[in-house]
Amino acid sequence: MIHMSLMITDVLIIGAGAVGCAVARELSRYKLKVVVVDKEYDVAAGTSGRNSAVVHAGFNNKPGSLMARLCVEGNAGFETLCKELDVPYKKTGKFVVAFDEEDQKTLQIIYKQGLNNGCKGLRILDGEELKRRLPDVGGISAMESIDTAIFDPFLYTVALAENASCNGVLFRFGEEVKNIEKIEGKERERYSVTTDKRTYKARYVVNCAGVGSVRVAQMLGFNQYKLYPCRGEYLILDKIAEKFLQVPVYPAPKKGIGGLGVHLTPTIHGNIIIGPSAEYIEDGEDYSSTKLIIDKLFDEAKKLLPTLERKHIIGAYSGIRSKQAPPSEGGFHDFLIQEEPECKGFINLIGIESPGMTASMPIARMVCNIIGHSIDLNPNLSFNPIRKGILKFSDQNDEEKDRLIKINPEYGEVVCRCQNVTKAEICQAIENPLGVKSIASIKYRVWATTGRCNGGYCFARIAEILEKDYGINPEDITLRGKGSEYFIGRVK
Amino acid sequence: MMERYDVVVIGAGPGGLAAATSAKQHGAERVLVFDRNCYCGGVLNQCIHDGFGLVRYKEALTGPEYAEKACREADKANVEIKTGAMVLSISKDRVMSVVCGNGFMKVQAGAIVLATGCRERTRGAISIPGTRPAGIYTAGVVQNLVNIKNIMIGKRVVVLGSGDIGLIMARRLTLEGAKVLAVIEILPEPCGLQRNISQCLYDFDIPLYVSHTVSRIIGKRKLEAVEISEVDDNKQPISGTERIIECDSLVLSVGLIPENEVALTAGIALNEKTNGIITDDYLQSSVPGIFACGNCRSVMDLADLVSEQGEVAGANATCYIKGEKMKIYMEKQSVFKKGFPEKGTVTCPLCPNGCSIGEYGEKVVGNKCKRGELYFRQEQIDPRRTLTTTVKGIDGMLHPIKIENVRKNELFYKIQNLDKN
């Protein structure tokens, strides 16, 4: 008989995306035992790591909705949060561009909607001003949103998790929840959650499983929820295209599309991304790119930015929106965040699609409030809200570079040539507080392998560091944890 | 204090080493080469196959042998070489910002030769549709992993692109026990040298699909299969021609791009289409006093020609600081033949001519010299190959070796015996 180990916790969070990690971080302010499980091998493996990397202002969402309220609230606190957590953030503003009269009407509608939602910093620009502000961009008029920002969504999630972890939260990766049972009569152990590795007894279970949240809810018999995975594909452009665009540029939204339209967004790392498309698919984990959409994205983007060329593309990715709105209907349904009345302590978060990243912290506070209704939350006196990230060598001035190398010669070894990432930074990424060691984990922590050579220079070097400096066998070096092994072993 | 040199060369591959040696020989006093690797010779070190040096040294050398010769020449000329040092940027007045294990430094040069080589075109750049699993590599990375880092990528391999590195790696992986299921080429003709088509693919019965491409990548976490399709005249996949090949590795050999990140920091003009450094007849870039040679200027087929070009660039860099008249560089094309070997002939690998030799009745035809005839006769009765592989030394590292005159049908036997010892 296989003996499954048992772990008792106050709160079990299912899913280590931005929302799950934000909930964990907020709960770490209190004297609670909190565990986060995720079936993947790092945080942000799903939608949190696969989006437009924009902090939204909240003008796109229906007035009175949770989406609108939490997005506006999230936007207001985002900069401070990024400072606390040492996450790259830049308030770029954003332009929503109209190409015809219908678009101009739409701009008026979303402008008013934005004001209704409490967005500040919205303005309508005429064609002349648009031309002057964004000479490379097409369009006849635009709405500017000053409060929109760009950030690094992966590092944001990493930072939330690292901060939570330093404040006592336990993260368990590579564990897939298989079964949840309600235990009657035990106030402290209301749920028994079984993963493929062990069983957890928890007083609260928070379902932050994103695209998988419906499946988790079904384990306790909640069959009323439906999600329709809607894939969005993106293209990544070479940094060389950075000069074309410093501000996210979106087309005016069209009716019935389950997204915000194909837009151009500069990332915090200097690459422009194009996307996303919107396509309802069956498999909520099919992160494919398709020829049809690659071509279409490029054509659409060229309308917004006529100077764009095909050779500027250096990569592609896709993410999945967990939409509650069925394909026949399109558009948005509001976030569903609630403790199930017939299952006390079981908190469902369903349909957290865009603007879920922006709203993640207000969502987390909502979850804390729900928990605070039924128990006293005592402050964790040693809680520290500050998290320090990995120092970026390439951002330092010459004297500082010299000083760093003198302290640690590994700063003198550039491992990733496109993004100028040094061995010292790679090693810090490998030694991350969450203990994850895949190539993708390193990539998203220090941005190595993401440049125009796609890791041609640094991939083999990183593999060598993992092998020589950290004793990891070649056959255990993975892209994203188990099942994604790169190598079969030694040649001889 | 900022260090000053007469000529600084960036990159210690064949071009850079030749440039530095030549600068010294032409009278530059202080000559320094920077390389970001901790060794000299650049990519040659991982190119353990032979066929280098046929033009320059009139013998078939392996990459490491060629590199060693070039390093020795630089040593003899008293060139200073600093490895493990990466030049981050160059200013217009030729001051370089460099990082290395000792710290950050600035170095000024009278003239600079850029010999920064090239990088490989990637999956992202050619937008292959599908998922993004582990198991997709560029050919040069595989060469580095297999030949230097002692890491084996997989058992069932598909190669996309029939350039020389792809062909060489198809053979190399086969010799190390992988099954290379197909080499896929989007053009109607293979891009590699005839001798490589013949010795890397035909020798091992590796199928070559021309006018085909990989139209989709399949596999969520690890590569499970690729879908290949025939392409039309516009290189677009033809619907209905798809077929699935199950594999664990896809090796991309889809072109090389001049690597000019450092050149850009100096504001040097690049060719919009090729990304190569634009030079005048003297190999001088758009910034006076900064010269370029080798693959960072335009991607070349032969290391030998890179060395020759490096010599001219190094000499002209010296002329520049002395205010002397520079030498015009004459563009040379490789004489090696590319594409399908002519039917019924063998491609002679003994010299750059690469004669297609056949029989007309009893007479051997197509050869330009006697050696070609002998080679052809040998091919008919008992074909021999030069086996290039690695052996594990007592230091635990891989060492390249070359064994000449191995019977073609005994290559596997030989390599297995080597590994046993």
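The values are calculated or read from the model by the stated rules, or taken from the named source; none is laboratory data. Note that the coordinates shown come from a computational prediction; the quantities given were computed from them, not determined experimentally. Cβ placement follows ideal geometry from the backbone for every residue including glycine, while neighbour counts extend to all protein chains displayed. These accessible areas exclude ligands, DNA and RNA; they are computed on the full protein's heavy atoms, side chains included. Shrake-Rupley method; radii C 1.70, N 1.55, O 1.52, S 1.80 Å.
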(request) Select from the stretch B:101-121 the residues that are open to solvent by less than 10 Å² (accessible area, probe 1.4 Å) and over 26 Å from the mean Cα position of the chain (by Cα) and write down the one among them that is nearest to residue A:412 (Cα to Cα). (result) B:103
(request) Tell me, please, whether a residue that is assigned by TED's automatic domain parsing to the domain that holds residue A:429, surrounded by 13 or more Cβ atoms within 10 Å (Cβ to Cβ) and in contact with a Phe, Trp or Tyr (Cβ under 6 Å, 6 or more places away or on another chain) can be found in the stretch A:379-390. (result) no
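Listed here are the residues, each with its yes/no results for (1) surrounded by fewer than 21 Cβ atoms within 10 Å (Cβ to Cβ); (2) away from chain A (no Cβ under 14 Å).
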site	(1), (2)
B:196	no, yes
B:218	yes, no
B:223	no, no
B:249	no, no
B:259	no, no
B:273	yes, no
B:294	no, yes
(request) Run residue A:415 past the list (1) open to solvent by 40 Å² or more (accessible area, probe 1.4 Å); (2) at pLDDT 95 or above and report the number of the one that doesn't hold. (result) (1)
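Here is a yes/no grid of residues against (1) open to solvent by less than 30 Å² (accessible area, probe 1.4 Å); (2) at the interface with chain B (Cβ under 9 Å from one of its Cβ atoms); (3) touching a residue at least 60 places away in the same chain (Cβ under 8 Å); (4) in a helix (DSSP H, G or I):
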| residue | (1), (2), (3), (4) |
| --- | --- |
| A:425 | yes, no, no, yes |
| A:429 | yes, no, no, yes |
| A:441 | yes, no, yes, yes |
| A:462 | yes, no, no, yes |
| A:471 | no, no, no, no |
| A:481 | yes, yes, yes, no |
(request) Taking only the stretch A:404-419 into account, find how many residues are facing chain B (nearest Cβ under 7 Å) and free of Cβ contacts under 8 Å to residues at least 40 places away in the same chain. (result) 6
(message) Taking the conditions exactly as written (under 30 Å from residue A:204 (Cα atoms) and either open to solvent by 60 Å² or more (accessible area, probe 1.4 Å) or among the hydroxyl-bearing types (Ser, Thr, Tyr) (or both)), does residue A:69 satisfy them or not?
(response) yes
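Which strands (runs of 3 or more DSSP E) sit wholly inside the stretch A:273-373 and have at least 2 residues that are within 14 Å of another protein chain (Cβ to nearest Cβ)?
Strands (runs of 3 or more DSSP E) meeting the threshold: A:313-323.
To keep it simple, each residue is scored yes or no on (1) in contact with a helix residue (DSSP H, G or I) (Cβ under 8 Å, 6 or more places away or on another chain); (2) free of Cβ contacts under 8 Å to residues at least 24 places away in the same chain.
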| residue | (1), (2) |
| --- | --- |
| A:23 | yes, no |
| A:28 | yes, no |
| A:37 | no, no |
| A:51 | yes, no |
| A:80 | no, yes |
| A:83 | no, yes |
| A:86 | yes, no |
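This table checks each residue for (1) in a loop (DSSP other than H, G, I, E, B); (2) more than 8 Å from chain A (Cβ to nearest Cβ).
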residue: B:97; (1), (2): no, no
residue: B:108; (1), (2): no, yes
residue: B:116; (1), (2): yes, yes
residue: B:128; (1), (2): yes, yes
residue: B:132; (1), (2): yes, no
residue: B:140; (1), (2): no, no
residue: B:144; (1), (2): no, no
residue: B:149; (1), (2): yes, no
(request) Name the one entry in A:239, A:201 that is in contact (Cβ under 8 Å) with a residue 60 or more places away in the chain and away from chain B (no Cβ under 14 Å). (result) A:201
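Residues checked against (1) modelled with pLDDT of 95 or more; (2) open to solvent by less than 20 Å² (accessible area, probe 1.4 Å):
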{"position": "B:152", "(1), (2)": "yes, yes"}
{"position": "B:155", "(1), (2)": "yes, no"}
{"position": "B:161", "(1), (2)": "yes, yes"}
{"position": "B:168", "(1), (2)": "yes, yes"}
{"position": "B:173", "(1), (2)": "yes, yes"}
{"position": "B:179", "(1), (2)": "yes, no"}
{"position": "B:191", "(1), (2)": "no, no"}
{"position": "B:233", "(1), (2)": "yes, no"}
{"position": "B:244", "(1), (2)": "yes, no"}
(request) Within the stretch A:221-247, track down each residue that is open to solvent by 40 Å² or more (accessible area, probe 1.4 Å), part of a helix (DSSP H, G or I) and in contact with a strand residue (DSSP E or B) (Cβ under 7 Å, 6 or more places away or on another chain). (result) A:242
(message) Being assigned to a helix (DSSP H, G or I) and touching a helix residue (DSSP H, G or I) at 6+ places or on another chain (Cβ under 8 Å) narrows it down to one residue among B:403, B:415, B:357; which is it?
(response) B:415
(message) As an exercise: evaluate residue B:18 against (1) part of a strand (DSSP E or B); (2) buried (at least 23 other Cβ atoms within 10 Å of the Cβ) and give the number of the one condition it does not meet.
(response) (1)
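Can you confirm whether residue A:252 is farther than 26 Å from residue B:254 by Cα, crowded, with 19+ Cβ neighbours inside 10 Å, free of Cβ contacts under 8 Å to residues at least 60 places away in the same chain and in contact with a strand residue (DSSP E or B) (Cβ under 6 Å, 6 or more places away or on another chain)?
Values: farther than 26 Å from residue B:254 by Cα: yes; crowded, with 19+ Cβ neighbours inside 10 Å: yes; free of Cβ contacts under 8 Å to residues at least 60 places away in the same chain: no; in contact with a strand residue (DSSP E or B) (Cβ under 6 Å, 6 or more places away or on another chain): yes.
It is false that residue A:252 is farther than 26 Å from residue B:254 by Cα, crowded, with 19+ Cβ neighbours inside 10 Å, free of Cβ contacts under 8 Å to residues at least 60 places away in the same chain and in contact with a strand residue (DSSP E or B) (Cβ under 6 Å, 6 or more places away or on another chain).
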(message) When you scan the stretch B:381-392, do you find a residue that is farther than 17 Å from residue B:174 by Cβ, open to solvent by 40 Å² or more (accessible area, probe 1.4 Å), outside any helix (DSSP H, G or I) and among the charged types (D, E, K, R), even just one?
(response) yes
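Okay, residues lined up against (1) touching a Pro at 6+ places or on another chain (Cβ under 7 Å); (2) within 14 Å of another protein chain (Cβ to nearest Cβ); (3) open to solvent by less than 20 Å² (accessible area, probe 1.4 Å):
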| residue | (1), (2), (3) |
| --- | --- |
| B:38 | no, yes, no |
| B:43 | no, yes, no |
| B:47 | no, no, yes |
| B:53 | no, no, yes |
| B:67 | no, no, yes |
| B:70 | yes, no, yes |
| B:80 | no, no, no |
| B:88 | no, yes, no |
| B:92 | no, no, no |
(request) Output the number of the condition that residue B:184 fails; it satisfies all remaining conditions of (1) open to solvent by less than 10 Å² (accessible area, probe 1.4 Å); (2) over 22 Å from residue B:341 (Cβ atoms). (result) (2)
(request) Spot the failing condition for residue A:87; the list is (1) farther than 30 Å from residue A:445 by Cα; (2) part of a loop (DSSP other than H, G, I, E, B), and only one is missed. (result) (1)
(message) Pairs please, first residue from the stretch A:350-376 and in contact (Cβ under 8 Å) with a residue 40 or more places away in the chain and over 25 Å from residue A:230 (Cβ atoms), second anywhere and of a type in the set (Ser, Thr, Tyr) and outside any helix (DSSP H, G or I), Cβ atoms under 8 Å, 6+ apart in sequence or on different chains.
(response) A:368/A:30; A:371/A:204
(message) Is it the case, given these coordinates, that residue A:397 is open to solvent by 20 Å² or more (accessible area, probe 1.4 Å), within 13 Å of chain B (Cβ to nearest Cβ) and in contact with a helix residue (DSSP H, G or I) (Cβ under 7 Å, 6 or more places away or on another chain)?
(response) no
(message) Can you confirm whether residue A:158 is within 30 Å of residue A:270 (Cα to Cα) and β-branched (Val, Ile, Thr)?
(response) yes
(request) Looking only at the stretch A:443-460, count how many residues are in a helix (DSSP H, G or I), aliphatic (A, V, I, L, M) and either in contact with a strand residue (DSSP E or B) (Cβ under 6 Å, 6 or more places away or on another chain) or open to solvent by 10 Å² or more (accessible area, probe 1.4 Å) (or both). (result) 1
